[in-house]
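Trainee: Once you've had a glance at the structure underneath, I'll fire off some questions.
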Amino acid sequence: MSTRDRNLFLLLAGVVFAYVVLRAFLVPLTHDEARTFFVYTLSGRFLPFLSHWDAGNHLLCTALGWLSFEAFGMAPWSLRLFSSLSFLLYGWYAWRWGALVREPVVRWCLWAALLFAPVLIEFFSVYRGYGMAMAFLLMALYHTTALVRDGGGQKHMLFALLAWLFAALSMLTLM
């Protein structure tokens with residue numbers, strides 16, 4: 001893979017990240033985000049066995065949002081901070097998946113699909129766990145595939161297990 005490919009990918013990923021960050025700052029809170037804030041974040045009771053019984057299954061996002069709320073106060077960007085930052089992990093693993101593809105046209109189609117799919121990238125700019133779950137899921141799949149492909153390796157096993165754990169904690173329905 002060439003330096004030109006890397007630089008162009010970084011440029012495109014940077015543009016998408018800027019879009020995600022701008023949305024995190026400019027878009028008003030949605031009903032789900034506001035409800036999550038008032039029911040879980042404000043009370044600090046977000047563990048499933050201690051909290052309100054419903055489909056609020058974004059445990060990691062809520063916990064990190066609570067930390068951000070305690071540090072920076074109640075603002076959409078504050079609640080969405082960790083969701084937006086998880087795009088960086090997503091972009092890194094999108095790059096790594098593409099690096100496995102030898103055919104340049106297919107590689108760029110994969111990268112374009114991962115970077116520009118609205119159904120995926122919109123989740124990184126809201127206070128929900130879906131974006132984090134997709135980032136950790138892409139990481140988990142990469143390391144699980146590398147573990148099987150390379151015939152072992154403790155590093156891939158450790159990263160795969162951690163990524164599966166964080167993906168599930170980001171969106172409990174992945175269990």
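The values are calculated or read from the model by the stated rules, or taken from the named source; none is laboratory data. For clarity, every value in this text was computed on a predicted model and none was experimentally measured. All Cβ positions, glycine included, derive from the backbone under ideal geometry; neighbour counts span all protein chains shown. What goes into the accessible areas is simple: the full protein's heavy atoms, side chains included, and nothing from ligands, DNA or RNA. Shrake-Rupley method; radii C 1.70, N 1.55, O 1.52, S 1.80 Å.
Trainee: For the range 1-42, what are the residues that are within 14 Å of V126 (Cα to Cα) and aromatic (F, W, Y)?
Mentor: F17, Y19, F25, F37 - these are the residues of the range 1-42 that are within 14 Å of V126 (Cα to Cα) and aromatic (F, W, Y).
Trainee: Can you pull out the residues in the range 1-21 that are under 18 Å from V106 (Cβ atoms) and assigned to a helix (DSSP H, G or I)?
Mentor: If the condition is that a residue be under 18 Å from V106 (Cβ atoms) and assigned to a helix (DSSP H, G or I), then R4, D5, R6, L8, F9, L12 are the ones that fit.
Let's see how each residue does on (1) modelled with pLDDT of 95 or more; (2) closer than 30 Å to F25 by Cβ; (3) open to solvent by 20 Å² or more (accessible area, probe 1.4 Å):
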{"residue": "L85", "(1), (2), (3)": "yes, yes, yes"}
{"residue": "G91", "(1), (2), (3)": "yes, yes, no"}
{"residue": "V105", "(1), (2), (3)": "yes, no, yes"}
{"residue": "A112", "(1), (2), (3)": "yes, yes, yes"}
{"residue": "V119", "(1), (2), (3)": "no, yes, yes"}
{"residue": "G151", "(1), (2), (3)": "no, no, yes"}
{"residue": "A163", "(1), (2), (3)": "yes, yes, no"}
{"residue": "T173", "(1), (2), (3)": "no, yes, yes"}
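Trainee: Within the range 122-145, can one find any residue that is charged (D, E, K, R) and free of Cβ contacts under 8 Å to residues at least 24 places away in the same chain?
Mentor: Scanning the range 122-145, I find no residue that is charged (D, E, K, R) and free of Cβ contacts under 8 Å to residues at least 24 places away in the same chain, so the answer is no.
Trainee: Can you name every residue in the range 40-83 that is open to solvent by 50 Å² or more (accessible area, probe 1.4 Å) and modelled with pLDDT under 80?
Mentor: Scanning the range 40-83 gives L42, S43, R45, L47, P48, F49, L50, H52, W53, D54, A55.
Trainee: Exactly one of these conditions fails for W97: (1) open to solvent by less than 50 Å² (accessible area, probe 1.4 Å); (2) over 30 Å from F37 (Cα atoms); (3) among the aromatic types (F, W, Y). Give me its number.
Mentor: Going through the list (1) open to solvent by less than 50 Å² (accessible area, probe 1.4 Å); (2) over 30 Å from F37 (Cα atoms); (3) among the aromatic types (F, W, Y), W97 breaks only (1).
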